[in-house]
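One structure is given here, and the rest of the page talks about it.
Only the coordinates and a few stated rules stand behind these numbers; no lab work does. This one's a predicted model, so the numbers in the text were calculated from it and none came from an experiment. Please note: Cβ atoms are built from the backbone with ideal geometry, for glycine as well, and neighbour counts cover all protein chains shown.
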Amino acid sequence: MDKKIFSGVQPTGNLHLGNYLGALKNFVELNNDDANQCIFCVVDLHAITVKHEPNELKNNIRETVASFIASGINPKKSIIFNQSSVAAHSEGAWILSCVARMGWLNRMTQFKEKAGKDKEKASIGLYSYPVLMAADILLYDSTHVPVGDDQKQHLELCRDIAQKFNKDFGVNDFLKAPEPLIQKEFSRIMSLKDGLKKMSKSELSDLSRINLTDEKDQIINKIKKAKTDPLPMPKDVQELKERPEAQNLLGIYSSLNNSSLENSVNKFSGKNFSEFKDELSELLVNKISPISKEIKKLIKEQAYLDSILLDGVEKANKIASKKIKNMKEIVGF
Ligand code: TYM
């Protein structure tokens with residue numbers, strides 16, 4: 001059977017190296033395999049679960065589309081669309097929020113992290129965000145969902161919601177529980193300033209991440225300033241357990257180079273960090289600069305980006321509107 005691939009990315013400004021290595025790089029490989037039907041969604045409904053700038057949202061959506069294409073996704077092969085333009089996502093999220101249990105959502109670690117200490121002041125949207133994510137996936141009978149490691153728990157919740165819906169309404173296999181596609185290695189890229197923290201858009205310091213739109217000089221500077229430890233480069237993979245910054249930088253190097261962590265460790269074993277950092281910068285510049293240039297070019301082609309979304313919305317709507325119609329009938333509307 002063909003794989004039905006679905007994934008989403010929030011349009012919250014610049015995408016970063018974590019998004020690229022954890023998700024986009026995988027999207028491109030899946031897009032290139034003719035046996036797959038791929039749908040990539042710009043999840044703008046998710047983007048308003050935290051405070052956002054309305055005037056910037058449209059351009060952030062376009063920039064996310066530009067980043068998809070610049071990374072190598074072919075809009076003629078894959079459906080690219082934005083979530084808020086397909087009403088079934090909001091409708092499906094409501095129905096599924098009546099199936100999901102509070103106890104399940106209370107366990108979501110990402111909500112706890114994002115809401116921080118003052119969770120009473122977090123929006124209800126931020127809390128129920130994984131239910132909307134489940135609707136995204138289930139509306140398309142998706143079989144596989146490529147994501148970074150941080151989305152694993154949300155996918156488990158999606159499977160639970162699908163199974164409970166089917167059981168509650170006696171509709172065996174109506175909602176299809178999807179398989180996560182999470183790379184075994186390098187599926188969690190960490191901050192350049194703290195090897196124990198995830199690389200993220202919400203981190204205040206721009207030095208903590210490489211943005212896909214960074215210029216060559218910015219990349220070199222960020223790697224130069226990236227946190228390391230005082231020891232020489234590790235001698236074996238075992239040593240990395242105690243050295244999170246070295247592990248992260250070697251992970252980034254390996255992922256970009258399509259090599260194993262072991263090979264990278266052996267290559268730089270016992271050398272100085274500065275020597276390794278020079279090679280890492282060079283590799284990053286070679287991989288990221290062409291993407292960065294292409295994003296900047298595409299962003300000026302507003303009409304082209306809008307036409308991709310329009311086409312994607314039409315195609316996505318065809319699939320999702322059928323599913324939501326059946327879902328509404330099942331619950332008795
Ligand atoms: P978002 O927008 O936060 O991130 C998009 C993708 O990038 C991955 N990612 C990372 N991977 C490795 N290391 C990191 N530091 C890192 N940071 C981000 C994420 O795992 C994700 O794959 N809820 C989702 C979007 C979403 C979705 C969906 C995904 C909405 N509906 C349906 C899949 C299917 C999110 O906020 O991703």
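All C-alpha to C-alpha distances of region 206-333, sorted into 5 Å bins beginning at zero, yield P(r) values of 2, 9, 15, 14, 11, 9, 7, 7, 8, 8, 6, 3, 1, 0 percent in whole numbers.
Please compute the length gained on full extension between ARG107 and ASP173, using 0.36 nm multiplied by the number of residues separating them and subtracting their Cα-Cα distance. Walk me through the numbers before you get to the answer.
Working: separation 66, 0.36 × 66 = 23.76 nm, distance 2.56 nm.
Extra length from ARG107 to ASP173 when fully extended: 21.2 nm.
Springs between Cα atoms under 10 Å define the GNM used for the chain, and in it the highest mean-square fluctuation of MET233, MET102, MET133 occurs at MET102. Packing-based ranking of 170-176, 60-66, 217-223 yields 60-66, 217-223, 170-176, ordered from highest to lowest mean Cβ neighbour count within 10 Å. Mean projection of the Cα convex hull over all viewing directions, computed for region 104-185: 6.0 nm². Here the calculated FRET efficiency for ASN55 and GLN302, from their Cβ-Cβ distance with R0 = 22 Å, stands at 0.90, rounded to the nearest 0.05.
Couplings for region 248-255, taken from phi via the Karplus curve 6.51 cos²θ - 1.76 cosθ + 1.60 with θ = phi - 60°, read 5, 5, 5, x, 4, 4, 5, 5 Hz in order; Gly and Pro are left as x. Against the chain, whose longest principal axis is taken from its Cα atoms, helix 152-168 shows a tilt of about 10°. Over the chain, DSSP H runs of length four or greater, each weighted -39,500 (n - 2.57), average out per residue to a 222 nm ellipticity of -16500 deg cm²/dmol. Between helix 302-331 and the chain there is an angle of about 50 degrees, using the helix long axis and the longest principal axis of the Cα atoms.
Treating each Cα of region 1-118 as an identical point scatterer and summing with the Debye formula, the log10 of I(q)/I(0) at q = 0.16, 0.17, 0.20, 0.23 Å⁻¹ comes to -0.91, -1.01, -1.24, -1.34.
Can you give the Kirkwood hydrodynamic radius for the chain, in Å, rounded to one decimal and based on Cα pairs?
On the way: mean 1/r = 0.0478 Å⁻¹.
That comes to 20.9 Å for the chain.
Taking amide hydrogens as placed 1.01 Å from N in the peptide plane, the amide H of GLY8 sits under 5 Å from those of CYS41, each at least 5 positions away in sequence or on another chain.
On a 0 to 90° scale, report how tilted helix 216-225 is relative to the longest principal axis of the chain, with both axes built from alpha carbons and the result rounded to the nearest 10. The two axes meet at around 70 degrees. May I ask you to list the residues of region 1-31 whose amide nitrogen lies under 16 Å from a point 7 Å from Cα along the Cα→beta-carbon direction of ASN74? The answer is 27-31, whose backbone nitrogens lie closer than 16 Å to the label point.
Based on the Kirkwood approach, the hydrodynamic radius assigned to region 233-300 is 12.9 Å, with every pair of different Cα atoms included. Taking the centroid of alpha carbons for each part, region 22-58 and region 67-121 are 10 Å apart. Computed over region 21-106, relative contact order equals 39 percent, with contacts defined as Cα pairs under 8 Å that lie 6+ residues apart.
Distance from the alpha carbon centroid of region 254-295 to that of region 178-236 works out to 12 angstrom. In terms of Cα atoms, the Rg and Dmax of region 40-85 work out to 11.2, 34 Å.
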